[in-house]
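Chemist: Take this structure first; my questions come after.
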Amino acid sequence: MNQRSTQIERFDRYILGQMSDSEKAAFESELDSNPDLKEEFQSHARMVKGVNRLALRKAVNAAHLRFKGLKLIKWIGGLSALSLAIVFALNQYEGDTTAFEYNENNEKMWTDADVQVPSHYYTIDPNADTVIETPGGIVVSISDMTFHDRIGDIVTDDVQIEIKEALDPFTIVSSGLSTTSNGALLETGGMFYINARKGDESLNISEDSPIVVDLPASANTEGMMLFDGVREGGSINWVNPQSVIKTLQTVPLDSLNFLPQCFLDRLTVLGYDLEDQETVDSLFYAYSGNFRKDSTVPYWSSVYQSEMTKDTTFYTEELSITPAQVKTLYNQEFQNTFVATHQFEERLQEMYLACPNSRALLNAYMSRLDWPLSRIDSLVVENGLTGSNQSMFEYFASRGDGRVDMDNSALIVLNNYFEEKSRLYNEAISEAVSNYWNEQQSLTADLDSEISRNELETRIARDSGLAKEIDINITEAYRQLGKPRPMGNRTSRGITVNVTTTGWKNVDRYVVESTVSRTTLDYTDGEGRQAIIRYDSLRIKCDTSTYDRVYAYLLPEELNSYLLMTPSRNGFGESLDELLNYDLVVLAFKGEQTFYSRMEDVTAGAVSVNLRTKPLSEIQSIMNSGYGTEGGLVAKHIELQKALWDDMPRRKHNYKLMELRNDLRRLVFPCQNFADSIPESMEITQFN
């Protein structure tokens, strides 16, 4: 995590009271001694306070009503359970319908409805955010410092709230409430009255801090209008109709799906459990990171750069919504914005498909958090940002989805916060992913280097052993032919001989071919003399299916090398040179256990081995001390094969990750074209 990200985390821990006493004291001392840090902290604290003060009002599905007095409105919104810690009104009771001489306008004028509809009274502390829920299901949210008296002073003493509700046809009719506006019939869905008093004085509502009301509603909210109720001749006339802004209902951010739905669908097909949020997130957020303009490979995969296919059309920084941006959307700072709504969730899914302007679309919404969603919808359609998905955003615009009220002082800070937090997440995740793959590459390279070094040493020893075996066979062939072997010296270039006559020469080609192919030499020269050197088959009977891996080694006494026997269906096979003496070592692995068998002076034919458990360290000690160079090579081969076996789960996991990356990246970045490619260095190493 970089320094800036760590600093923000410290700020949040201090604000949330998560520091120990000593840590808190040290932090406060640092603030006092560092003016730049203090200014940065205060800026962050203001932003957090600004967005958190909205928590109360955004917890309900509000109708954003600015009112004083009696209102008539069609059914709106739907009640939802509050998920925030809030202060509820105390001293709730039902009282007289007209307990006061003056109404909310400080007039002695009442109607039959004022008398017939019961009043509900609530005493609240005006210095705290408060939520009131009436018996009829109306939810009223009141911010602190909302009320002021007739001379404009903020009221700080207890305030009495009076609410009347007429939400069903029977109450409306029996109470004498009219449903007409200047003689025109209205279709009503419910009416309510609200007033606030300090003593006998009716209070005013601050225009900067309106009361927000949530009414129980039917599904049909098209054409909603808000009317003011005016008392005229003992009845109420509904006037001054205004369109009601459909304020959006926020839900817990973690209940929303901001990941591409097609990405989640593919994980389901691949057998992943979507309830395993940690795994799902790790797969998605691993795509964070700046991508090179000239490559499909993010910079954190530079170790594989030369092996991946180039694609000059792809650059997520300009086109795509990045996983780091998606992670930022889940930050609690956005809980009280339209980001925390199902309406935004719908739009984000369509943004992924709005090629090639996915990222531009997201930025258009995130930079206008105080706008109604429908207004932003219209804006992006008019500016052609919706690309191939224009019809969906036209539909969104037609729905008239509203907004979530924003504290203007927090708006700019929130927009900057989105950009900064996205960048920090991008850097942190990219660094973590880069470190992971670099570490994996290092682990693979270290072990593969050791294996390659052992293979080279073994190859050199085998070449030397083969040359010595050829030498032994040639000497024996000339002995059987009754001829002296031509004198010659072996050099790095081959065999050097002394030539004393002209004509064609045969430098023991038959013997060499017989030895290399490990087949019997049966040679007759021009004088009828014969040389025979036999290679007979050795078959090791061993139930290899009982073990994870089985290795069989032949160690010729005369040579400083070994033969790794060829596995067959029911064991191993090899051809033995009759001129050499062999020891047989068979080693098997099963889980963490090792099994061992050793036979001296083994001869051709069928041999059954009896494997017994023995610690690997003891086996290696036997090989190192009981044999020469060849024993040390066998011991090292065993050690590295064990290490490679133990390392295979990691290698297979990484290979599957790379396969999965190729599979899923089209769904993370649906507007891009990719060429499938897995680096050669990721291929699964085979056992030798």
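The values are calculated or read from the model by the stated rules, or taken from the named source; none is laboratory data. Keep in mind it's a predicted model, so treat the numbers as computed, not measured. In this analysis, Cβ positions are derived from the backbone assuming ideal geometry, glycine residues included, and neighbour counts consider all displayed protein chains. Quick note on the areas: whole protein, heavy atoms, side chains included, nothing else; ligands and nucleic acids left out. Shrake-Rupley method; radii C 1.70, N 1.55, O 1.52, S 1.80 Å.
Chemist: Subtracting the Cα-Cα distance from 0.36 nm times the residue separation, let me have the gained length for Ser517 to Asn105 in nm, one decimal.
Modeler: Numbers: separation 412, 0.36 × 412 = 148.32 nm, distance 11.31 nm.
Taking Ser517 through Asn105 to full extension adds about 137.0 nm, to one decimal.
Chemist: Calculated FRET efficiency, Glu600 and Ser442, Cβ-Cβ r, R0 35 Å, to nearest 0.05? Can you show the working numbers first?
Modeler: Details: r = 43 Å, r/R0 = 1.22.
Computed FRET efficiency for Glu600 and Ser442: 0.25.
Chemist: Moving to a separate point now. Report, ordered by chain and residue number, the aspartates and glutamates lying within cross-link reach of Lys642, taken as a straight Cα distance under 12 Å and ignoring same-chain residues fewer than 8 apart.
Modeler: Output for Lys642: Asp548, Glu592.
Chemist: Using Cα positions and a limit of under 14 Å, work out the aspartates and glutamates in reach of Lys636, with same-chain residues fewer than 8 apart set aside.
Modeler: Candidates past the 8-residue exclusion: Asp448, Glu450, Glu455, Glu457, Glu618.
Chemist: What percentage of the solvent-accessible surface of the stretch 521-620, computed with a 1.4 Å probe over protein heavy atoms, is contributed by carbon and sulfur atoms?
Modeler: Working: 2060 of 5030 Å².
Answer for the stretch 521-620 is 41 percent, counting heavy atoms of protein chains only.
Chemist: Another question, then. Using 7 Å Cα-to-Cβ label points, what is the Arg612/Phe170 separation (nm, one decimal)?
Modeler: 9.5 nm
Chemist: State the three equivalent ellipsoid semi-axes of the stretch 516-650, derived from the C-alpha gyration tensor as the square roots of 5 times its eigenvalues, in descending order and whole Å.
Modeler: For the stretch 516-650, the semi-axes come out at 32, 16, 13 Å.
Chemist: Can you tell me how much longer the chain between Leu379 and Thr546 gets when fully stretched, taken as 0.36 nm per residue apart minus their C-alpha distance, in nm with one decimal?
Modeler: 53.2 nm
Chemist: Still on this structure, please answer the following. Could you do me a favour and compute the accessible area per residue for the stretch 565-654, 1.4 Å probe, result in Å²?
Modeler: 47 Å²
Chemist: For Ser575, enumerate residues with amide H under 5 Å from its amide H, sequence gap 5+ or separate chain, H modeled in the peptide plane.
Modeler: Residues meeting the criterion, in which the H sits 1.01 Å from N, are Leu538.
Chemist: Can you tell me the dipole magnitude for the stretch 109-176 around its Cα centre, using point charges on the Cβ only (Lys, Arg +1; Asp, Glu -1), in Debye to the nearest 20?
Modeler: Roughly 240 debye, rounded to the nearest 20.
Chemist: Along each of the three principal axes of the Cα atoms of the stretch 595-635, give the extent in whole Å, ordering the values from largest to smallest.
Modeler: 29, 23, 12
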